[in-house]
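Chemist: So that we are looking at the same thing, I have put the structure below in structure tokens.
The values are calculated or read from the model by the stated rules, or taken from the named source; none is laboratory data. A quick note: this is a predicted structure, and the numbers were derived from the prediction, not measured. Neighbour counts run over all protein chains shown; Cβ positions are idealised from the backbone, glycine included. SASA here: full protein model, heavy atoms, side chains in, ligands and nucleic acids out. Shrake-Rupley method; radii C 1.70, N 1.55, O 1.52, S 1.80 Å.
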Amino acid sequence: MALTSTEVNSFITAQIAEWPMAAGNFAALANVEVKEFDLDGMHFKVQFNPARIVSSGAKVDAAAIKARKCFLCDENRPAEQRGIEWNGHYTVLLNPFPIFPRHLTIPDTSHTLQLINGRIADMIKLAGELDEYTVFYNGPRCGASAPDHMHFQAGNSDFLTISEALEHTELKEIATDGESTLSLADKLPIRVFVIDAANPEEGQSLFSRLYKALPVPEGEAEPMMNILAFATPAGVRLVVIPRKRHRPSFYGTEGDDCMLLSPASVDMGGVFITPRPQDFARLDAATVLRVLNELCLSETEINNIATNVE
């Protein structure tokens, strides 16, 4: 039986009622500070959210990962954290450190690496069932705080701004498969590929063609990327955001020029998260543009990928 947004909404309400720590963090969302600005045709928000320092400051090097227990494995999760089994090998969980008013983490039931290849059909199916949510994937060095355990996340779809920006920008069609299309959006401050999938199989096929054309940085197991997926009247839209860097050059906690800013899918989707007040005060349109230019591929690199899609 398919999972529904209504079922998940009820699950979130129940979890918040029985899990005091999570309840406190969700209640705190009502008091987060937000500022907004427009940048080259896209609306951005900046959120001051102190609870997110857990993710923004996470150590994700091999030694740090080895030294800690995996918080996504069933045996290490808090006693209050219940789950909904989905699709045979995923568990839908409440995220206790929320950005969204409704925030989920969906780990694989097995402890396996955070790699997207072969899982896009799952992502499309999940986004289609949870039609009130945006499902997202952070690559192992693109914002994931658990690069050792495969997982998606999801949050209510009215939160991110990139979906509306894409509705008002030109999409250049690159390839088709049945009723599904792969396109390039290169007129926004962040260049992305868009797959409009009529069904999971066609979406998986088009993503596989794009995946093969994406560069794999030395030492990485897969191309660096963030992915967003959300339901549309025609199916599911995937937004694939290629990356070339994990964190901006000024990431850190020491020095006047440093900011604790570790962009992931939510930031790339138009909502930048800052866990420290000084970073919230400093983050403006010019700094966001600098971050995007440092982390994302250039126009030439993006066009080369589009040309190489077979």
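Chemist: Return only the number of the condition from (1) farther than 19 Å from Ser208 by Cα; (2) crowded, with 24+ Cβ neighbours inside 10 Å that Ala127 does not satisfy.
Modeler: Just one mismatch for Ala127, condition (1).
Chemist: Still on this structure: Which pairs do you get when a residue that is more than 23 Å from Gly219 (Cα to Cα) and modelled with pLDDT of 75 or more, found in region 52-69, comes within reach of a residue that is assigned to a helix (DSSP H, G or I) and open to solvent by less than 80 Å² (accessible area, probe 1.4 Å), reach meaning Cβ atoms under 8 angstrom, with the pair 6+ apart or on two chains?
Modeler: Between residues of region 52-69 that are more than 23 Å from Gly219 (Cα to Cα) and modelled with pLDDT of 75 or more and residues that are assigned to a helix (DSSP H, G or I) and open to solvent by less than 80 Å² (accessible area, probe 1.4 Å), the close pairs are Lys69/Asn76.
Chemist: Is one or more of the residues making up region 258-279 basic (Lys, Arg), open to solvent by 20 Å² or more (accessible area, probe 1.4 Å), farther than 17 Å from Asn138 by Cα and at pLDDT below 95?
Modeler: Looking for residues that are basic (Lys, Arg), open to solvent by 20 Å² or more (accessible area, probe 1.4 Å), farther than 17 Å from Asn138 by Cα and at pLDDT below 95, one finds at least one in region 258-279, hence yes.
Chemist: Let me ask something else. Within the group Asn76, Asn117, Asn95, which residue is at pLDDT below 95, polar (S, T, N, Q) and either on the phi > 0 side of the Ramachandran plot or open to solvent by 10 Å² or more (accessible area, probe 1.4 Å) (or both)?
Modeler: Step by step, each of Asn76, Asn117, Asn95 is checked, and only Asn117 is at pLDDT below 95, polar (S, T, N, Q) and either on the phi > 0 side of the Ramachandran plot or open to solvent by 10 Å² or more (accessible area, probe 1.4 Å) (or both).
Chemist: When residues of region 91-119 are filtered for being farther than 18 Å from Ala264 by Cβ and not in a loop (DSSP other than H, G, I, E, B), how many remain?
Modeler: Of the residues in that region, 4 qualify.
Chemist: Across region 7-32, which residue is farthest from the chain's Cα centre (by Cα) among those that are more than 16 Å from Tyr133 (Cβ to Cβ) and of a type in the set (Gly, Ala, Ser)?
Modeler: Top of the filtered list is Ala17.
Chemist: Out of curiosity, is Ala154 buried (at least 20 other Cβ atoms within 10 Å of the Cβ) and closer than 24 Å to Pro223 by Cα?
Modeler: Criteria met by Ala154.
Chemist: Something else about it: Given the options Arg247, Arg237, name the one that is out of contact with any helix residue (DSSP H, G or I) (no Cβ under 7 Å at 6 or more places or on another chain), part of a strand (DSSP E or B) and open to solvent by 20 Å² or more (accessible area, probe 1.4 Å).
Modeler: So the residue among Arg247, Arg237 that is out of contact with any helix residue (DSSP H, G or I) (no Cβ under 7 Å at 6 or more places or on another chain), part of a strand (DSSP E or B) and open to solvent by 20 Å² or more (accessible area, probe 1.4 Å) is Arg237.
Chemist: Check Gly88 against each of (1) part of a strand (DSSP E or B); (2) more than 27 Å from Leu166 (Cα to Cα); (3) open to solvent by 50 Å² or more (accessible area, probe 1.4 Å) and name the one condition it does not meet.
Modeler: Among (1) part of a strand (DSSP E or B); (2) more than 27 Å from Leu166 (Cα to Cα); (3) open to solvent by 50 Å² or more (accessible area, probe 1.4 Å), the lone unmet condition for Gly88 is (1).
Chemist: Which of the residues spanning region 164-221 are touching a Ser or Thr at 6+ places or on another chain (Cβ under 6 Å), open to solvent by 50 Å² or more (accessible area, probe 1.4 Å) and outside any strand (DSSP E or B)?
Modeler: Answer for region 164-221, where residues must be touching a Ser or Thr at 6+ places or on another chain (Cβ under 6 Å), open to solvent by 50 Å² or more (accessible area, probe 1.4 Å) and outside any strand (DSSP E or B): Leu171, Lys187.
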